[in-house]
Structures are given as structure tokens and as C-alpha cells.
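Contents: one structure, followed by commentary.
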Amino acid sequence: MPEVELSAGTVAYEDTGGNGPVLVLLHGVAMDGSLWRKVVAELRTDFRCVVPTLPLGGHRKPMKPDADLSVLGVARLVDEFLERLDLREVTLAMNDWGGAQALVADGRTERIGRLVITSCEAFDNFPPGLPGSNLVLAAKMPGGLSAAFALLKLRSMRRTPLTWGWMSKRPVDHDVMDNWFRPVWNSPDVRRDLRKYILSVPPKNELLRWAEKLSEFEGPALVAWAAEDKVMPPEHGRRLAELLPDSRHVEIPDCYTLIPEDQPAELAGHIADFVHRTS
């Protein structure tokens with residue numbers, strides 16, 4: 001995997017190359033860019049797919065000890081990533097991670113031509129739902145993250161509502177999940193990075209102010225939500241679409257939050273159609 005050195009540290013990424021429209025695909029906590037592997041397989045012929053692994057627990061190299069890994073700090077890191085790779089007019093897609101509202105509120109949209117927001121943190125649902133609340137409790141206790149993720153070495157624990165059972169309707173391949181969790185299992189510094197993010201969530205009124213700023217995004221947006229989501233309320237998808245001035249809203253059936261896992265072909269079809277229609 002290629003890497004780029006940013007102010008916070010080293011970020012690895014996948015880049016399929018090519019001359020097609022650029023898609024930058026972002027994942028959530030305790031995952032890496034492989035979340036999008038099935039979608040990339042559908043889109044790579046017609047699009048250049050760039051998939052960074054954000055410092056949210058699935059990253060192999062720890063960030064610098066003084067790195068700002070707050071919600072806003074990670075959003076600024078995404079903006080820096082686009083700048084360093086000189087990516088322009090990108091379609092920025094995200095699943096689970098709700099950085100869109102932070103990017104727009106902070107004015108970091110110069111290189112973003114379109115937004116694709118799929119079942120992610122929104123409004124004040126940070127960290128989201130029951131799994132998010134469980135992570136916050138673990139992060140507040142000494143050794144809590146280590147203990148919480150150690151439980152996920154037991155594959156039977158991965159399908160409970162407190163962990164990953166409500167994240168995807170179908171089990172994620174265990175080898176993929178092992179790769180997601182291995183950095184947290186093995187590196188105290190990666191756990192430090194993850195703890196920073198989990199405990200950095202700003203107050204509710206600030207989160208809601210960020211969300212309202214989405215009304216100022218001038219590009220087209222696709223809001224694609226899991227119709228059966230148990231962690232990211234489907235109502236949030238409808239509200240986001242109402243806030244964004246030029247938006248299209250779809251609900252994808254038979255899936256939970258991780259639409260790239262549950263319904264990759266349908267999601268890829270919506271993304272491709274959206275980009276072609278708005279080009």
C-alpha cells in the first residue's frame with residue numbers, strides 16, 4: 001500500500017489509478033479501507049478509487065503522540081490528504097464515520113465536488129447507538145479498550161448488539177475483521193489514538209451547529225441510508241437530505257449500517273449513477 005506523510009503521521013491508502021472521476025471512500029471506527037473492497041471491485045473500471053485508512057483504530061502505524069485526532073482533527077486530516085495527493089473535484093463518500101458535517105462546518109470543501117453520505121454518524125449521534133455508547137464506556141476506563149477488543153477475539157462475540165451485531169446484517173468475513181482489530185489488539189499507541197477520537201466528541205449543541213452548516217454545501221449530494229439501520233436512525237438520512245440544498249435520498253433495503261458489506265453492488269450502482277448524472 002502507498003503511504004503519505006501528513007502532519008499527524010503516516011496514512012496508508014489504496015489507489016486504483018486511472019483517468020476516471022475520483023472517488024475518495026472513508027470508513028469508520030476500528031475498520032480500515034477494506035470496508036469498501038466490494039464496492040471498489042464494482043467501480044474501479046470507470047472510476048479512480050482512493051481509499052485511505054483513517055487513524056480510527058484500524059491503522060497500522062500510530063499517529064504522532066501530539067496529533068489532534070478529535071472529530072474535527074480527523075476531518076482536517078482528510079482535507080490535508082486530498083491536498084497532498086492533489087485530488088480535486090472528488091466525490092467524497094463515507095460510511096459509519098460522520099465527518100461530512102465537520103468538513104463543511106470547518107470550510108474544508110474546496111476539493112470536494114460531491115458528497116455521498118451513507119448510514120453514518122449525524123447530528124448528535126456521536127459515537128453512534130449502542131455500540132458507540134459501549135466504546136465510550138470502555139475508553140473511559142483504564143485498560144478498557146484493550147479488554148473490550150480482546151473479547152472480539154472470540155468470534156461468537158462479534159454478532160452481539162453491544163459489538164458488531166447491529167453494524168451489518170450479514171456477518172463480515174472473520175479474516176477481514178481480524179485485520180480490522182489487529183492494530184488495537186497489538187499496539188498500545190493505536191489504542192491511544194482510538195481513545196483520543198472516542199473521547200473527543202464535542203457538546204451536542206456544537207454537533208448540531210455542524211449539521212446545520214450542511215445547508216451551505218453547494219455541490220450535489222447523495223444520501224444513501226440502510227432502511228433497517230439499528231445504529232444510525234433512517235430518519236437522520238431523511239433530515240440530512242432536507243438540509244443539503246442539492247441532494248438525492250435513497251434507502252437501501254435488507255442491510256444495516258455497513259452497506260458496503262451488506263449491499264455493495266446496489267450501493268455501487270447508486271454511486272455510479274449519481275456521479276454520472278451530476279458530472
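Less than 12 Å from a label point 7 Å out along the Cα-to-Cβ axis of residue 134: which backbone N atoms in the stretch 162-206 qualify, by residue? Output list for this probe position: 162-168.
Taken as Cα centroids, the stretch 191-242 and the stretch 127-143 sit 18 Å apart, rounded to the nearest whole angstrom.
Placing a pseudo-label 7 Å from each Cα along the Cα-to-Cβ vector at residue 186 and residue 66 gives an inter-label distance of 2.9 nm. A Cα-only calculation for the stretch 3-278 places Rg and Dmax at 17.1, 50 Å. For the Cα trace of the stretch 96-176, dividing Rg by the Kirkwood Rh returns an Rg/Rh value of 1.06.
Taking the Cβ of each residue in 29, 39, 136 as the centre, tally the other Cβ atoms inside 10 Å and list the residues starting with the fewest.
136, 29, 39
Highest GNM mean-square fluctuation among 20, 144, 129, for the chain modelled with Cα contacts below 10 Å: 20. Stretched out straight at 0.36 nm per residue, the stretch from residue 159 to residue 200 would grow longer than its current Cα-Cα span by 12.1 nm. Taking the chain as a Gaussian network of alpha-carbon nodes connected by springs under 10 Å, the highest mean-square fluctuation of the residues 86, 46, 193 belongs to 86. As a proxy for reagent exposure, ranking 89, 251 by other Cβ atoms within 10 Å from fewest up yields 89, 251.
Rule-based calculations on the coordinates, nothing more; no lab input. These figures come from a predicted structure and were not determined experimentally. Please note: Cβ atoms are built from the backbone with ideal geometry, for glycine as well, and neighbour counts cover all protein chains shown.
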